[in-house]
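Structure record follows, encoded as structure tokens.
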Amino acid sequence: MSDVAQLRLQIDREYEAAYQGLYGLASGAARHQFVHCKMERIARYYQELATRVGEDAADETLCMLNEQYYRRWKQSAHH
């Protein structure tokens, strides 16, 4: 797997963990701290991805993942 693919996978995993932190069993301050940590990691992976593929491509990846998890959240909120 290429470095770029690994970075994208790591970003996706952090989003998944943050999503689970928001909508899983954790609550209160622990949940906030957990999600905050995941978002900081996403920012670091994003910066590294941007240096490898450029900001436009890194932005596209981040937007795609944001959209994916937003839609997932929206679906779960309606069920």
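The values are calculated or read from the model by the stated rules, or taken from the named source; none is laboratory data. All of these numbers come straight from a predicted model, not from anything done at the bench. Heads up, the Cβs are rebuilt from the backbone with ideal geometry, glycines too, and the neighbour counts pull from every protein chain shown. All accessible areas refer to the heavy atoms of the entire protein, side chains included, with ligands and DNA or RNA removed. Shrake-Rupley method; radii C 1.70, N 1.55, O 1.52, S 1.80 Å.
Details
- Distance (nanometres) between label positions extended 7 Å along Cα→Cβ at Lys74 and Gln20: 2.5 nm
- Surface analysis of the chain yields an accessible area of 70 Å² per residue, using protein heavy atoms and a 1.4 Å probe.
- FRET efficiency, His32 to Glu55 (Cβ-Cβ, R0 25 Å, nearest 0.05): 0.30
- Accessible surface of the chain [probe 1.4 Å, protein heavy atoms]: carbon and sulfur percent: 53 percent
- Extension gain, Met64 back to Glu48 (0.36 nm per residue minus Cα-Cα distance, nm): 4.0 nm
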